[in-house]
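The values are calculated or read from the model by the stated rules, or taken from the named source; none is laboratory data. The structure displayed is predicted, hence computed values, not measured ones. No Cβ is skipped: glycine too gets one built from the backbone with ideal geometry, and neighbour counts run over all protein chains shown. Only protein heavy atoms, including side chains, enter the accessible area calculation; ligands, DNA and RNA are left aside. Shrake-Rupley method; radii C 1.70, N 1.55, O 1.52, S 1.80 Å.
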Amino acid sequence: MAFDLRQLWVTEWIVCGFFLYLIVLSRLRPLAPARRRRVLLVGLVCIVLAVMLSQLRPSPSLRIIRDWVPAIYLLQSYWVSGLFFLRPSLRLERRLLAFDTWLFRRTGVRRAAARAPRLVASWFEATYLLAYPFVPVGFGVFLALGHRGNADAFWMAALIAGFTCYGMLPWIQTRPPRALASDRPLWMPHPSLRRLNTSVLQRMSVQVNTCPSGHAATSVAVALTIVTVGAPATGAGFLLVASSIVVATVLARYHYTLDTLLGLAVGIAAWGVAFLSL
């Protein structure tokens, strides 16, 4: 079978490049053999799948799979990047936490957040939960708005945002502020929401911090993409939720402020790259 690499979407080239980066890096970093094997296996499966889907004879069912499978690439990129975590940089954690302490004191954020009604705190805690389905729901809305022909552009925004953040995990290794005994949330949402978020993180998270924040980056990139192609009300709704996720990452102490600011910048940049392709 002759391969026509011109059939690959830009998104698929990005997938191949990212997982090849992780495979090569796994040979250079002091990882346990089991971790190296998993990086290799998952990386090769994603690369082969991306290439194979671009070469098979088009059909309605194949197009659906090709449209939606990038969501799996995004999830696997997060889990595989977590395998590179060896030990936290305590010095960097102290600096990030010191910056947050200074910023919250200087701006009065801690006092304002502590006085916020529980309903407000609960709203932000609940929107943080929405970060998980935000990307696939955003893509579903993107298709419903009649932009299936631009699926590659949507996933460019989401994957560039996510891969940029997760690709830094082998180099910037810290624990999230919520995991530090010296830190605590700035407000008190409904306990059930906090417990639910904690339970989800324990089951789905790699239990380490991503800098830049992947939640902030992907949410912003997807929201801006919907704004670009969607009706004003739809775009405003996605922007509201994305903005709330960004705020929740910091005030609920799931991320350091710098993580989130960098994630915001990455999300905007990723959207900009995808927007130029529309």
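Overview of values
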| read-out | value |
| --- | --- |
| Cβ-defined net charge surrounding SER81, 13 Å radius [Lys, Arg +1; Asp, Glu -1] | +3 |
| Hz values of 3J(HN,Hα) by residue in the range 4-15 - Karplus curve (6.51, -1.76, 1.60), Gly and Pro given as x | 10, 5, 5, 7, 6, 5, 4, 4, 5, 5, 5, 4 |
| Probe 1.4 Å, protein heavy atoms only - accessible area per residue of the range 139-278 in square angstrom | 38 |
| Accessible area of the chain belonging to carbon and sulfur atoms, whole % at 1.4 Å probe | 68 |
| Long-range HN-HN contacts of HIS190 with modeled amide H, under 5 Å | SER122 |
| For the range 33-112, with +1 on Lys and Arg beta carbons and -1 on Asp and Glu, the positive-most of LEU74, PRO60, PRO33 along the dipole | PRO33 |
| Average accessible area per residue (Å²) across the range 1-84 - probe 1.4 Å, nucleic acids and ligands excluded | 56 |
| Relative contact order [Cα under 8 Å, 6+ residues apart], the chain, whole percent | 24 |
| Environment charge at ILE245 (Cβ cut-off 15 Å; Lys +1, Arg +1, Asp -1, Glu -1) | -1 |
| Per-peptide average of other Cβ atoms within 10 Å, ordering 246-255, 56-65 highest first | 246-255, 56-65 |
| Dipole magnitude of the range 88-276 about its Cα centre (Cβ charges: Lys, Arg +1; Asp, Glu -1), debye to nearest 20 | 840 |
| Residues GLN202 and ILE72, FRET efficiency given R0 of 30 Å [Cβ-Cβ distance, rounded to 0.05] | 0.90 |
| Principal axis box of the range 88-276, alpha-carbon based, largest edge first, Å | 49, 38, 33 |
| Highest to lowest packing among 104-112, 143-151, 122-130, scored as the average C-beta count within 10 Å | 122-130, 143-151, 104-112 |
| Contact order relative to length of the range 161-268, as percent, for alpha carbon pairs under 8 angstrom and 6 or more apart | 40 |
| Overall form of the range 37-79 per C-alpha gyration tensor (a/c, 1.5; a/b vs b/c) | oblate |
| The range 9-74: Cα Rg divided by the 2.2 N^0.38 Å rule of thumb | 1.24 |
| Whole-Å distance, taken between Cα centres, linking the range 122-196 and the range 25-86 | 19 |
